[in-house]
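Take a look at the structure below.
The values are calculated or read from the model by the stated rules, or taken from the named source; none is laboratory data. Nothing here was measured: the structure is a model prediction, and the numbers come from that model. Every residue, glycine among them, receives a Cβ derived from its backbone with ideal geometry; neighbour counts consider all protein chains shown.
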Amino acid sequence: MAKGQVMINSSRCKASEICVAFCPQKILGLDRSFNNVLGYTPVTMLKPDKCTGCGMCALMCPDLVIQVERI
């Protein structure tokens with residue numbers, strides 16, 4: 001199975017959670033440990049080893065803060 005690496009620009013994430021809803025592997029979630037400079041709780045990878053690099057999160061992100069690289 002393919003693997004992926006997700007890069008999230010946490011400082012620009014507005015926590016819409018659309019990426020969380022569309023991730024088929026359910027690896028994304030909110031990082032409740034801090035708020036970014038915009039005052040939002042950004043999305044983070046909860047299970048990075050489960051990422052397949054499909055890119056659905058990046059495709060669905062309305063703020064274009066996610067990049068996916070297949071490795």
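When segment 16-29 is filtered for residues that are under 14 Å from VAL65 (Cα atoms) and either over 9 Å from the mean Cα position of the chain (by Cα) or not acidic (Asp, Glu) (or both), the ones remaining, listed by number, are SER16, ILE18, CYS19, VAL20, LEU28. For ILE27, the stated conditions do not hold, so it cannot be described as closer than 16 Å to ASP63 by Cβ and in contact with a helix residue (DSSP H, G or I) (Cβ under 9 Å, 6 or more places away or on another chain). A Cβ distance below 8 Å, combined with a sequence gap of six or more or placement on separate chains, defines the contacts here; from segment 1-28, residues that are farther than 11 Å from PRO42 by Cβ and small (Gly, Ala, Ser) reach residues that are at pLDDT below 95 and part of a strand (DSSP E or B) in the pairs ALA2/ARG70; GLY4/ARG70.
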